[in-house]
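The values are calculated or read from the model by the stated rules, or taken from the named source; none is laboratory data. Predicted model, so just to flag it, every value in this text is computed and none were measured. Counting neighbours? That spans all protein chains shown, and the Cβs are built from the backbone with ideal geometry, glycine included. Just so you know, the surface numbers come from the protein's heavy atoms only, side chains and all, with ligands and any DNA or RNA stripped out. Shrake-Rupley method; radii C 1.70, N 1.55, O 1.52, S 1.80 Å.
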Amino acid sequence: MSLKAFELVPAVEREMLMGDKARINVECIECCGKNLYIGTNDCFVYHFLLEEKISAEKVTFAATKQLHKYLGFKKAVSELKAASALNRLLVLCDNTITLVNMMNLEPIPTGARIKGAVTFTVNENPMSGDPFCVEVCIISVKRRTIQMFMVYEDRVQIVKEVSTPEQPCAVAVDGHYLCLALTTQYIILNYNTGISQDLFPYCSDEKRPIVKRIGRQEFLLAGPGGLGMFATVDGISQRAPVHWSENVIGAALCFPYVVALDDEFITVHSMLDQLLKQTLSFKEGHILQDFEGKVFVATNKGVYILVPLPLERQIQDLLSSHRVEEALILAKAARRNIPKEKFQVMYKRILQQAGFIHFAQLQFLEAKELFRSGQLDVRELISLYPFLLPTSSSFTRSHPPLHEYADLNQLTQGDQEKMTKCKRFLMSYLNEVRSTEVANGYKEDIDTALLKLYAEANHESLLDLLVSENFCLLTDSATWLEKHKKYFALGLLHHYNGQDAAALQLWVNIVNGDIQDSTRSDLYEYIVDFLTFCSDQELVWKYAEWVLQKSEEVGVQIFTKRPLEEQGKNSFNSDNVMNCLNKYPKSLVKYLEYLVLDKKIKKEKYHTHLAVLYLETVLKLKSVTTDNCVELTETQTKLRSLLQKSDFYRIHFILDKIKGMDLHMERAILYGKLEEHDKALHILVHESKDFAAAEDYCIWSSESKDLPYRQRLFHMLLSVYLNPGSSDCELVMAAVDLLNNHAAEFDAARVLQLVPDSWSVQLLSPFLTGAMRESIHAKRMTQITLGLAKAENLIYKHDKVKLKGSPVILSDKKLCQVCQSPFCEPAFVRYPNGGMVHTHCAANRLMNPNMTHHSQT
């Protein structure tokens, strides 16, 4: 594929050079600044002044002839080289290099020249360091000889002569290194050390060799098979070769391009990717050289310049042809020719353009990376999608535009599958960039666009977006959500924007069936949860009736699960809540359970109220059902548990309510709370005939009580069973079972006095065995305790004896070791070494720091 990298512009046309002299031919050219020199076959040197003109982005050159000079030889001028620092032009003619003045073309007065040169080149990386001399390398007429000269303003000096393995045909020089085309091969030769290195074979008899210095320590060579080969002074190639034609005449470099000339064409290859970029038809060309970034090409009759098009234009041409990779490679290479700040702006734009090209080809991964690298204003991408940008957005597209598409419809040509893929990509891309620096300054545009995409695609992430931090614009987003019937999401949007009343009204309408949205099947529960944690008290009370009407059991959670800090507010005090719940008995029970059982509030009215509600429910259920009713069983269990465990309800009030009712266990519990255990046990044994319940009653009634209290209850129950007025066999068996199952709870001696004499030992054997075991166990435990106490006492006695040690004898003849006065009182202090002192003398610790033992008698 072709790229227009250069334009061929005339520099010196035939008429200016030779007029009507048809036999004059151009043999060589040289350019230094605006000075153009041409050597001809009739031994003339022409000097022209080149003026570059730019109009309407078109470059032209105007050449003004300054003078021409005949050198006095009968042969053609072979080569020209300018040495501007010396104001000299080196002219090779008839194997002689003559130094002439650059301005008037007159030979220098000293007549200094170099003889015996077949061809020559100037070292552009000289080693001398002298700015007023030029290093010149010649191929000598002497066989297999290279000579190095120092050329000054008015003299020349040979500095080195080097022999070569074969006859050299062409040479280029860089520092101490010569790159030589010999008869059969190319070599690198260090003329300072004499060390050479073979590069690759080449036959000079078949093709014209090309040796061209293209940069520091790097050369371009015409290799076998029409290859343009790159070689460094180390003999290696750091670039892939370019493919030329077999009959290349010359080569030149204009970064990043290598230009080659053959019989019919000028070809332009990129050094970056080695691809052929441009081919220009050019017949009869025989000279191709580059001077200071300008590429000159000449026929026998005229001189032309290859003017490079601006790299930015070349890059845009590549992008227009969708040659993205080539454009990016060229853009990176442009860094060396463009100021840093300008390059960064240009390169970012190129990356963005390349991203849109990949995007249009649905190559989303590549597009994403290019958008990121190019720091794309993401609104450029959003603007492709109709109606996604908010109406309030002030965004306008880049000018000149980054792409050729009006919108997504044009890009996809209405293909719905492609459009869906593009929308999925934008969803993913916006979700990634919304929390990065890319979004700074226009987060509202990004989040609003993302919301619209999610809503349109019915995407699950819509809710995640709305319940997390977001910058969705309310007006645009609300309209879009309503359009797509996303009412639950619309409620979340209102909530995020502090409009809880609007949110709740929407959700209530959904639950009531006024509007349709199946986003959440548990929306009612969600509303209850929302109200539970809502800090707007008026809003909670406004919808309290609605949630309770929908479900008393669930609705009451707006009061029972409120955060503790909310419950303390006046609006939600217990009395207000209960007034509201009076119409909803199930809710009222749940709320009282919450107060009494969960919060453990010790207020009589709550406990009594809850007990009454339980009782009413039990009585109601008993009146309408005769079968085993789960609800009745559960409620009765709750009532009994409350009556047993609570100490804060009005016992007599409840007792009055259940008198005459078939609620034996409840009455028994209430009598037990009044410590009227005989009545309670009489009800359980004679009215309820529930002996197991009677035993349980004794157990739970004596919880946290001492053993005598428990024994009293069990003996009381035994007495009820053995009432002299009763001869019920069932009661007798209950008494036997009671004794045998709870032997440890009875005083065996008292039991033996109570039981009838007619009972056999075998009948009471479990009880007697248990009683004996308990008695023996108690006796043995007592003996162990006594033994341990005696042993402990013995230990203390032993310690006391040890502490007493040997006796200390004090008499009025003993003297205090500190004051040397006799002891007048029995109190003293004795030191470990046996010394004794007055107590007031020992008080001064500084005088006796070793004091460790104190004793008084």
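Here is the size of segment 358-397 from its Cα atoms: Rg then Dmax, 11.4, 31 Å.
Under a 5 Å amide H cut-off, with hydrogens placed 1.01 Å from N, Lys160 pairs with Met148 among residues at least 5 apart or on other chains. Test of understanding: extend the Cα→C-beta vector of Lys301 to 7 Å, then name every residue of segment 272-291 with backbone N under 17 Å from that spot. Residues 282-287 fall inside that zone. From a point 7 Å beyond the Cα of His322 in the direction of its Cβ, which residues of segment 361-383 have a backbone N at a distance under 12 Å? Under 12 Å, as judged by backbone N against the label point of His322, lie 361-363 of segment 361-383.
Residues of segment 601-632 with an amide N closer than 20 Å to a point placed 7 Å from the Cα of Arg650 along the Cα-to-Cβ direction: 601-619.
Straight Cα distances below 13 angstrom link Lys813 to the aspartates and glutamates Glu825, with same-chain residues fewer than 8 positions distant left out. Normalised radius of gyration (Cα atoms, divided by 2.2 N^0.38 Å) for segment 105-152: 1.25.
If I fit a long axis through the Cα atoms of helix 474-483 and take the longest principal axis of the Cα atoms of the chain, what angle between them do I get, 0 to 90°, rounded to 10? Orientation of helix 474-483: about 80 degrees from the principal axis. By the rule of a C-alpha distance below 18 Å, with chain neighbours fewer than 8 residues away ignored, the aspartates and glutamates paired with Lys590 are Glu525, Asp529, Glu545, Glu552, Glu553, Asp575, Asp598, Glu604, Glu616, Glu631, Glu634.
Describe numerically, in nm with one decimal, the distance between label points set 7 Å from Cα along Cα→Cβ at Ala744 and at Lys603. So the two model labels end up 4.3 nm from each other. Please report the relative contact order for the chain, taking Cα pairs under 8 Å with a sequence separation of at least 6, and give it as a percent rounded to a whole number. Reported relative contact order: 4 percent.
Per-residue counts of other Cβ atoms within 10 Å, averaged by peptide: what ranking do you get for 528-539, 437-448, highest first?
Highest to lowest by the protection proxy: 437-448, 528-539.
On the basis of the beta-carbon distance and an R0 of 22 Å, Ser461 and Ser518 show a calculated FRET efficiency of 0.80. Judged by the mean number of other Cβ atoms found within 10 Å, the most tightly packed of the peptides 411-417, 320-326 leads the ranking 320-326, 411-417.
Give me the distance in nm between label points sitting 7 Å out from Cα along the Cα-to-Cβ direction at Asn192 and Thr436, one decimal. If labels sit at Asn192 and Thr436, their model points lie 5.0 nm apart.
May I ask you to derive the FRET efficiency for Val624 and Thr475 from their Cβ-Cβ distance with R0 = 51 Å, giving the value to the nearest 0.05? About 0.35, to the nearest 0.05.
Were the residues from Glu106 through Arg773 laid out at 0.36 nm apart, the gain over their Cα-Cα distance would be 225.6 nm. A value for Kirkwood radius over Cα pairs in Å was derived from the coordinates, and within the list [x] 36.0; [y] 41.1; [z] 28.9 it appears as [y]. Relative to its residue count, segment 255-403 spans a Cα convex hull of 130 Å³ per residue. Peptide packing: for 334-343, 99-108, the average count of neighbouring Cβ atoms within 10 Å per residue gives the ranking 99-108, 334-343, highest mean first. Applied to segment 780-786, the Karplus parametrisation 6.51 cos²θ - 1.76 cosθ + 1.60 on θ = phi - 60° returns per-residue 3J(HN,Hα) values of 5, 5, 5, 4, 5, 4, 5 Hz, with x for Gly and Pro. The relative contact order of segment 183-237, computed from alpha carbon pairs under 8 Å that lie at least 6 residues apart in sequence, is 26 percent. Computed from backbone phi with θ = phi - 60° and the Karplus coefficients 6.51, -1.76 and 1.60, the 3J(HN,Hα) list for segment 69-78 is 9, 8, 8, x, 9, 9, 10, 6, 6, 7 Hz; x is used for glycine and proline. For the Cα atoms of the chain, what angle does the longest principal axis make with the long axis of helix 487-496, in degrees from 0 to 90, nearest 10? Orientation of helix 487-496: about 90 degrees from the principal axis. The length gained by stretching the chain between Lys802 and Ser571 to full extension, at 0.36 nm per residue less their Cα-Cα distance, is 75.7 nm. If you take the alpha carbon atoms of segment 640-753 and fit the smallest convex hull around them, that volume is 104 Å³ per residue. A straight Cα-to-Cα reach below 29 Å connects Lys797 with the lysines Lys779, residues fewer than 8 places away in its own chain not being considered. Separation of segment 102-152 from segment 382-422 is 65 Å, based on Cα centroids.
Using the Cβ-Cβ distance between Val122 and His243 with R0 set to 35 Å, the FRET efficiency works out to roughly 0.70. Between Arg397 and Asn844, the distance separating the two model label sites (each 7 Å from Cα on the Cα→Cβ line) works out to 10.7 nm. Once the chain from Arg780 to Arg14 is taken as fully extended at 0.36 nm per residue, the excess over their C-alpha distance is 261.7 nm. Seen against the Cα atoms of the chain and their longest principal axis, helix 664-673 is set at about 80 degrees. Heavy-atom accessible surface of the chain, averaged per residue, reaches 52 Å², computed with a 1.4 Å probe. When the P(r) of segment 371-523 is calculated, the portion above 28 Å amounts to 23% of the C-alpha pairs.
Rounded to the nearest Hz, the phi-derived 3J(HN,Hα) couplings of segment 342-358 under the Karplus curve 6.51 cos²θ - 1.76 cosθ + 1.60 (θ = phi - 60°) are 5, 4, 4, 5, 5, 5, 4, 5, 5, 4, 5, 4, 4, x, 5, 5, 5, where x marks glycine and proline. Quick check on my link table: of Lys212/Lys348; Lys418/Lys485; Lys342/Lys368; Lys69/Lys301, which ones sit more than 30 Å apart, alpha carbon to alpha carbon? Long pairs (Cα-Cα over 30 Å): Lys212/Lys348. Within the accessible area of the chain, the carbon and sulfur atoms contribute 51%, probe 1.4 Å, all protein chains present.
Eigenvalues of the alpha-carbon gyration tensor of segment 30-161, scaled by 5 and square-rooted, set the equivalent ellipsoid semi-axes at 27, 18, 14 angstrom, largest first.
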